[in-house]
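Heads up, the thing below is written out as C-alpha cells.
The values are calculated or read from the model by the stated rules, or taken from the named source; none is laboratory data. The structure presented is a predicted model; accordingly, all values stated were derived computationally and were not measured. Virtual Cβ from ideal backbone geometry, glycine too; neighbours counted across all protein chains shown. Accessible surface areas use protein heavy atoms only, side chains included; no ligands, DNA or RNA. Shrake-Rupley method; radii C 1.70, N 1.55, O 1.52, S 1.80 Å.
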Amino acid sequence: MNTLKAVRGTRDLLPPETELWHHVEATARRVFARYNFGEIRTPIFEDTLLFARGVGEETDIVSKEMYTFTPADDVGREARGQDRGRAASDKAQSLTLRPENTAGVVRAYIEHKLGETGLLQKLYYMGPQFRRERPQKGRYRQFFQIGAEVIGPPSAGSESPLRDAEVLEMLASFLDELGVTGWRLAINSVGSAADRPRYLAALREALAAVAGSLCGDCQHRAHTNPLRVLDCKVPADQPVIDALPKIADYLDDASRAHFAAVCAALDRCGVRYELNARLVRGIDYYTRTTFEFTHDAGLGTQNALLGGGRYDGLSEMLGGPRAPGIGFAIGADRLVLTLQSQAGGAAAPSKADVFLAPVGEAQNPAALVLARELRRSGLRVELGDGSFRVKKSFELADKLARRIVLLGEDEVASGMLTVKNFATGEQQKVVRGELATALSGA
Ligand code: HAM
C-alpha cells in the first residue's frame, strides 16, 4: 500500500521549528496589544460570494486559486447518500476555504454592526489561508497569515493618513523587535475610487498600443483587469510595463494630500520606505495607500514578507455601511524562513531542565510524583522509565536535557538526590525539598 503523505503544497510543522512559530506569534500578540488591537477569529470557510465580491472576480486568487465546494459537489454527495439529514439551505451554498482574511473580517464587522459603536475597530488575526498556487519555497497551498485591520466609520477617523502611518510604524517595530534585519518597505497610492477610472482609461489606451508585445497573461489582463499587468514578473515585459502611465499622475488633490501626509508622518518617526509606482497588489479592494515589506535573504523569488493597504470601499462592496479601513497580512511561513536563514539554518532543539531517571521499574510511581512536583514549580522535565539501563538513561538525558537526576531505591528512602549538569560535568547533592531551586538556574 502507498504510504499517505501531506497533500502537495501543505506541510507539517514540527518541533523545534514550532518554537520559532510560537516566538513569532507571541511577539505579534505583544506588539499589537501595545497598539490596543484585539484578536478576531473568523471561520476558515465562508460563502464563495464573499471573496468574489471582496477580493474581485478577475484576480488570480478568485479566478484560479480558490478551494471551492460547489453545489455540484453536493449533488454528488447526495447521489452517494452522504447528504441525509442536511438542511436544503446548506446544499445550495457554494463555500470556499478562505484565501485571505480581510474579506472575512469586514463581513464580521458588518454582521455584528461594529460600526454602530462609533469606534475604530482594531482587530488582529492569525491562522491558515488557502490558495491553489504552484508550490515552491515560501509559497504553499496552506499558509499562515498574521494580519490586522483598522476599520470604522469616517467619524472615528478611519480615513486619516495617521492610521496608515501608525500601522506601518507598528510593522516596522514588530520586525525590529523580532530581530529581522534588512527588511525593505515599498509604498504607493493607488488612488480613490474616483481616481481609478481616469487612470484605467489611460492605462487601457497605452496597453492597446503595446499589449501585443507582452506575455500571454498580460495580453489577457490588458482586457480583463489592466491594473494586474503592473504585477507581471516576466523579465522581458518589464521595460514595456515601466513605460506605462503611472498612477501617481492621476491622483486627485485629496488622494495626493493623503499620500503626502502618510509619507510625512513616516519621515517624522524615522520609518524608512521607498516609493514604488507599480505597487498595485493583486486584490481589487485596495484604494489609496498600498505597501509591501520585502526581504531578500532566504526567500528566493517569494520575497514579500507581508503586504497590505487601505480599502475604503470594501464594506460597501459587501453591502455594509461606509467603513474605510487599512490593514496588512504577514506571511508567517516566510517570516519564519527569514528568521531561520538569519540564524544560519534550522533551530537547534532547546533542552529540558532535567531528565528524571527512575532506576528500576519499582521507582516509576515515585518518579512520576517527583516529576509532578518539579513541573508544578515551573520546570521542564523529561521523565525516563525504570526499565531503561542507567547507561541508556544517561544517553537519552544528554540528548534531551541539561541535567540528569537518578531516582533509585536509596534516593527515595533518603530524600537525598544527585544532580549532574552535562555542560559543566559538575555533580551536586541536593535534598529533595531544595531540588526545584537547584534545577531552576542555567
Ligand atoms: P496578500 O499580499 O495576498 O495580501 O498576502 C499577504 C502575505 O501573505 C504575502 O505578502 C505573503 O507573505 C503571504 N502569502 C500570500 N500567499 C502565500 C502563499 N501561497 N504561501 C505563503 N505565503 C503567502 C492579503 O492577503 C491581504 N488580505 C492583506 C491585507 C490585509 N490587506 C489589507 N488588509
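Summary table
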{"item": "Residues located in the range 337-358, provided they are surrounded by fewer than 21 Cβ atoms within 10 Å (Cβ to Cβ) and either touching a strand residue (DSSP E or B) at 6+ places or on another chain (Cβ under 8 Å) or assigned to a strand (DSSP E or B) (or both)", "result": "351, 352, 353"}
{"item": "Where residue 281 falls short, out of the listed (1) within 13 Å of the ligand (Cβ to nearest atom); (2) open to solvent by 10 Å² or more (accessible area, probe 1.4 Å); (3) not in a loop (DSSP other than H, G, I, E, B)", "result": "(3)"}
{"item": "Single residue of 10, 18 found to be surrounded by fewer than 17 Cβ atoms within 10 Å (Cβ to Cβ) and touching a residue at least 12 places away in the same chain (Cβ under 8 Å)", "result": "10"}
{"item": "Enumeration of residues in the range 31-66 that are in contact with a Ser or Thr (Cβ under 8 Å, 6 or more places away or on another chain) and hydroxyl-bearing (Ser, Thr, Tyr)", "result": "48"}
{"item": "Hits in the range 422-437 - residues which are surrounded by fewer than 17 Cβ atoms within 10 Å (Cβ to Cβ), free of Cβ contacts under 8 Å to residues at least 40 places away in the same chain and either on the phi < 0 side of the Ramachandran plot or not assigned by TED's automatic domain parsing to the domain that holds residue 379 (or both)", "result": "422, 423, 424, 426, 427, 428, 429, 431, 433, 434, 437"}
{"item": "Residue in the range 168-175 that is under 26 Å from residue 321 (Cα atoms) and of a type outside the set (Phe, Trp, Tyr) present", "result": "yes"}
{"item": "Boolean, residue 149 is surrounded by fewer than 20 Cβ atoms within 10 Å (Cβ to Cβ) and either at pLDDT 95 or above or out of contact with any strand residue (DSSP E or B) (no Cβ under 6 Å at 6 or more places or on another chain) (or both)", "result": "no"}
{"item": "Matching residues in the range 307-336 - criterion: being assigned to a strand (DSSP E or B), touching a Leu at 6+ places or on another chain (Cβ under 7 Å) and within 7 Å of the ligand (Cβ to nearest atom)", "result": "328, 329, 330, 331"}
{"item": "Hey, residue 296 in the same structural domain as residue 50 (by TED's automatic domain parsing), open to solvent by less than 30 Å² (accessible area, probe 1.4 Å) and acidic (Asp, Glu) or not", "result": "no"}
{"item": "Some residue of the range 242-259 being within 16 Å of the ligand (Cβ to nearest atom), touching a helix residue (DSSP H, G or I) at 6+ places or on another chain (Cβ under 9 Å) and among the hydroxyl-bearing types (Ser, Thr, Tyr)", "result": "no"}
{"item": "Residue 187 modelled with pLDDT of 95 or more, open to solvent by less than 20 Å² (accessible area, probe 1.4 Å) and more than 30 Å from residue 235 (Cα to Cα)", "result": "no"}
{"item": "Conditions (1) open to solvent by 60 Å² or more (accessible area, probe 1.4 Å); (2) within 23 Å of residue 57 (Cβ to Cβ); (3) of a type outside the set (A, V, I, L, M, F, W, C); number of the one not met by residue 226", "result": "(1)"}
{"item": "Residue 107 vs. criteria within 16 Å of the ligand (Cβ to nearest atom), part of a helix (DSSP H, G or I), at pLDDT 95 or above and open to solvent by 20 Å² or more (accessible area, probe 1.4 Å)", "result": "yes"}
{"item": "Filter result (small (Gly, Ala, Ser) and either modelled with pLDDT under 95 or open to solvent by less than 30 Å² (accessible area, probe 1.4 Å) (or both)) within the range 229-264", "result": "236, 243, 248, 255"}
{"item": "Tally, over the range 122-142, of residues that are assigned to a strand (DSSP E or B) and open to solvent by 30 Å² or more (accessible area, probe 1.4 Å)", "result": "5"}
